[in-house]
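Here the structure is laid out as structure tokens; the discussion comes afterwards.
Please treat every number below as a calculation from the coordinates, not as lab data. Please read these numbers as outputs of a predicted model, since none were measured by experiment. All Cβ positions, glycine included, derive from the backbone under ideal geometry; neighbour counts span all protein chains shown.
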Amino acid sequence: MGRGWAGWLMLLAVLLAACTGSEPGTTESPTATRAPSPDATATATDTATTAAPTGEETPSPTQTAAGGGTLVVAISSDPGGLNPAITTSGGTHTASELLYNGLVDLGPDLEPIPELAESWDVEEEGALYRFHLRDDVTWHDGEPFTSADVKYSFEEVLLQLHSRTQASVGPSLESIETPDEQTVEFRFSQPYAPLLQQLNVTEAPIIPRHIYEGTDPLENPANNEPVGTGPFRFVSYTPDAEIVLERNPDYFEEGLPHLDEVIMRVIPDEGSQVLAFEAGEVGWLWGVPGPDQERLAADPTVEFLQTPVNPGGANCIMTVSFNLERPIMADLRVRQAIAHALNRDQFLERVLFGQGQVAAAPISSGIPWAHAEGLDMPANDPAEAERLLDEAGWQREGDGTRTAAGVEGVDDGTPLAFTFVHFPTFSAYGELLRAQLREVGMDVTLVPLEPPVFAEQVFTARDFDTNIISYCNATDPEIGVRRMYHSSNIGEVPFSNAAAYRNDEVDRLFDEAQRTIDLEQRGALYRQIQEIAVAELPYFWIVETVGTRAYRSSCSDFQPSGHFAKTASCEQ
Amino acid sequence: MTGRYVGRRLLQVLPTVAGIVLVGFLLIHLAPGGPIIALAGDSGDEEYYAFMTAKFGLDRPLPEQLATYAGNVLRGDLGVSYIQGRPAIDVIAERLPATLLLAGTALVGSSVAGVALGAWAAARAHSIRDLAVTSAALVLYAAPVFWLGQLALLTLALRTGLFPVQGMTTAGGPETGLAWALDVARHLALPALVLASQEVAAVARLTRAGVLEELAADHVRTALAKGLSDRRVLVRHALRRALLPVVTVIGSRPGHLLAGTIVVEVVFGWPGLSRLLLTSVQTRDTPILLGIFLLVAATVVLANLVTDLVYGWLDPRIRYR
């Protein structure tokens, strides 16, 4: 704790003093009234709160001429560590990305823009990438940043421990060379198209070789006292309580960042996060539950930022998987019937409170060049669903559950009943789906399972009929789409090809897309894949979800993710 | 005499704790899911899973893993957290003060307040104040902790602004000295109050029932006949004997309190052990989980021992050999 026993003793003394002479059972309140003033909360928290018309706040002690101020951010889980290179955990990335940089950043349309690399050449039709690094970057401890840091970060850390980068870049990469201190060359065995989308601080943060070399990166103490190159520097980390970051005065991007301090507070409960925001204890929320959003929107000093990008993964689509190994689901007509029976607009309104959009294609609209428009997605049409089920041999008597009569692989008289496995947090999807499918004579049993159990039941035991997964496409279909459809991803690896979908043509198209550098040509290949996927329906894509950030109007210029507070500033 | 008794009881702690750790170990390993999903998130390929499984030794047969773990524990090594990559004992130790402070405040506060309220109500049985205490206790006892917590947040923290909503300290607040202690005390108030409320209810009702029974007993009538004051009779003669079952209940409270702190720590953002327990269950961080099991088992066993010793002090007829 670092405060020593003196502090704890004093606390004890305060408590004892509060106890004496007061009515038992109210021991706490006298202590509280002795604390400075109710406004003490506001002084040290987000400068945004000073916009509230209480008029009594003392100025923030961190105020400087630069007018940066302090931003207090609510995060929902303890990061456990602050090294984003060794994990893809959303909690760690949310808390640590401000401390680090990637070789490139991604612009609003996911186009690569310079970060640690100021320029790059793509040669040999995309089998060789040469990056020219900035020469004015230093680590937070003063050491210079060089190409050796990049080589080390990839070879020893990212390609082993960062599961996404390991799984996507790893298999194709042949070698990483460093001809000089400011140059890095990535050589691939064959043309590799998506690399530039996989080098930002989320997918490939660069960590300091001089601190990590020769140690186990998972257990290096620097994971809790990180040294990066990012716009903010580490000050302190109190587990499950708060992380304090301060402005990096030597940051290589001219004039950035503006804020003096960013404090992250761990607040696990969503409702409590909103209360803390309303009370002015925090000034930035990563997400606001739908019902609370309406209430907050009534406050004119609250601003929202909607984005498909989240620290845990960008461009996520809530997707129903059909277990194609089960006889009922192996029949395309049943899958089509389910798709026609589902009213996806209702999912958007009732589950997401309008935050997001109905999925128009298998690939997210957040990757515009790959997202296919004008696909023939099954429309909400219960009559068509009933017709397809009748045709498939699922007979209905009265309003009850349909039963099999001449369905291949299913005994006659078997009811049309199946399981729907989901995370407990997604139970609202399950309930709506069950209600909608009951209308056409299907009997759905909901099976809520915690994520580790879900992963085992769905991907190892494969004991499910249907499920729902938030599949995040990330910044390139290679990262987050391929794993859902490519037959090499059927296996025990969680959150890969849940449907057990096999189609040689689709496999071939993905492999070709990976080698195709020209974005337009790649987009055409992904369009073909999406057309096949919509025709065969191994999955059904329900809604694209977005994150809703909330902050006070006294602050501005936030980015949706990654270095979200790099360009931000708050009025005092 | 008592010394030998305590020694014998302490010896019994070892097999009890060992048994609990064994059961915990098996339960965690038999439960589906593993820590690698927590690390990999929704990505990673087979190579990654194989690499991490081997790294943590999770590919070894279960008896071998158990033997390794037991050997390490005997040497005082609880292992390294899968998720945090730090020694489990450090991770647990740095959370302990926060939980001890919260649970300790709640336990002491609720015991004192509960006994006082119970005796106070019993002194005027069936009066308005008795009715008030009894029904308030009933309502508090029945109210779920998470609901009480949210209610307290909404009314006492957000509406009045008297108390902070979240955490143990103010963001960017004082870090040492009296100012820090005051800051923590202010943050402690609401969670401790909510956590204590249920305990107060239980203790108050039990005390009231006990005192009422004792007030009708012969020795109380004798004491009154001697001319002792009502107050003295109530406290020295009735309450002392009525406390026996109350002490049993309070002694079994540390276990209950820990369960209660999970909810309270989550609602109030209190950075304690229970939240660590919760996240470690979710991420299957076995070294941390088993470390906490060990700690809780030892605490409960010791609390029982203390309870038994307090018995002997309260009731001179009880002797330990």
**Study point:** Dipole of the protein assembly as shown, positive direction: furthest Cα of B:G79, A:T94, B:L14, with charges on the beta-carbon
**Key:** B:L14
Practice item. Evaluate the relative contact order of region B:107-270 (contact order divided by residue number), counting alpha-carbon pairs under 8 angstrom at least 6 apart; express in whole percent. Key: 36
Exercise for review: Pick out which of B:G251, B:G79, B:G161 has the largest mean-square fluctuation in a Gaussian network model of chain B, springs linking Cα atoms closer than 10 Å.
Suggested key: B:G161
Check your understanding: What's the exposure ranking of A:T401, B:T176, going from fewest to most Cβ atoms within 10 Å?
Key -> B:T176, A:T401
**Study point:** Among B:L243, B:G109, B:T170 - extreme Cα towards positive end, dipole of region B:107-270, charges at beta-carbon
**Key:** B:L243
Review point. Rounded if a/c is under 1.5, else prolate if a/b is larger than b/c, else oblate: which is region B:60-133, with a ≥ b ≥ c the root eigenvalues of its Cα gyration tensor?
Key: prolate
Practice item. Quote the charge dipole size of chain B about the Cα centre in Debye, to the nearest 20; the model charges only the Cβ of Lys and Arg (+1) and of Asp and Glu (-1). Key: 1880
Check your understanding: In nm, to one decimal, how far is the B:V306 label point from the A:D345 one, both placed 7 Å along Cα→Cβ?
Key -> 6.3
Study note, to complete from the structure: Looks like region A:55-213, by Cα gyration tensor root eigenvalues a ≥ b ≥ c and the a/c under 1.5 rounded cutoff (else prolate when a/b is bigger than b/c, oblate otherwise), is prolate
Practice item. Excluding A:E386 itself, calculate the net charge of residues whose Cβ lies under 11 Å from the Cβ of A:E386, where each Lys or Arg counts +1 and each Asp or Glu counts -1. Key: -2
Point to revise | Fluctuation leader among B:E214, B:E199, B:E46 - chain B, Gaussian network, Cα springs under 10 angstrom | key: B:E46
Check your understanding: Say we join alpha carbon atoms closer than 10 Å with springs in a Gaussian network model of chain B; which of B:R241, B:R124, B:R253 then has the biggest fluctuation?
Key -> B:R124
Check your understanding: Which order do A:S427, A:S561 fall in if you start with the one that has the fewest other Cβ atoms within 10 Å?
Key -> A:S427, A:S561
Revision key, fill the gap. Honestly region A:194-256 on the Cα gyration tensor test (a ≥ b ≥ c root eigenvalues; a/c under 1.5 rounded, otherwise a/b vs b/c for prolate or oblate) is just oblate
Review point. How far is it, in nm, from the label point at A:E431 to the one at B:A31 when both lie 7 Å from their Cα along the line to the Cβ?
Key: 2.6
Check your understanding: Over the alpha carbons of region A:225-375, what is the largest minus smallest coordinate on each principal axis, giving the biggest first in Å?
Key -> 61, 36, 31
**Study point:** Check: region B:107-270 dipole with +1 on Lys, Arg Cβ and -1 on Asp, Glu Cβ, in debye
**Key:** 640
Practice item. Please give the net charge around B:E199, taking every other residue with its beta carbon less than 13 angstrom from that of B:E199, where Lys and Arg add +1 and Asp and Glu add -1. Key: +2
Review point. So how do A:D465, A:D299, A:D476 line up by other beta-carbon neighbours within 10 Å, fewest first?
Key: A:D299, A:D465, A:D476
Review point. Based on the Cβ-Cβ distance from A:R502 to A:S189, what FRET efficiency comes out when R0 is 30 Å, to the nearest 0.05?
Key: 0.75
Point to revise | Test item: Cα-centred dipole of chain A, Lys/Arg +1 and Asp/Glu -1 on Cβ, debye | key: 1000
Exercise for review: Check every DSSP H run in chain A and write down those whose alpha carbon atoms cover 20 angstrom or more along the long axis and whose mean Kyte-Doolittle hydropathy is -0.5 or greater.
Suggested key: A:4-19, A:519-536
Check your understanding: For chain A, what proportion of DSSP beta bridges, expressed in % and rounded to the nearest 5, is antiparallel?
Key -> 80
Practice item. Compute from the Cα atoms of region B:1-87 the Rg and the Dmax, the latter being the longest Cα-Cα distance, and quote both in angstrom. Key: 17.5, 64
Review point. With the radius of gyration and the Kirkwood radius both derived from the Cα set of region B:107-270, what is their ratio Rg to Rh?
Key: 1.09
Review point. All other residues with a Cβ under 12 Å from the Cβ of B:T283 taken together, and with Lys, Arg as +1 and Asp, Glu as -1, what is their net charge?
Key: -2
Study note, to complete from the structure: Here the Cα Rg-to-2.2 N^0.38 Å ratio for region A:275-355 is 1.59
**Study point:** Under the span-like rule (Cα at least 20 Å along the axis, Kyte-Doolittle mean at least -0.5), DSSP H helices of chain B
**Key:** B:2-30, B:88-123, B:128-142, B:177-215, B:253-268, B:286-314
Revision key, fill the gap. The Cα radius of gyration of the protein assembly as shown, divided by 2.2 N^0.38 Å with N its residue count, comes to 1.05
Check your understanding: Counting other Cβ atoms within 10 Å, which GluC sites (Glu not before Pro) in region A:286-348 have at most 15 and lie in a DSSP loop?
Key -> A:E325
Check your understanding: In region B:1-159, how does Rg compare with the Kirkwood Rh, expressed as the Rg/Rh ratio over alpha carbon atoms?
Key -> 1.14
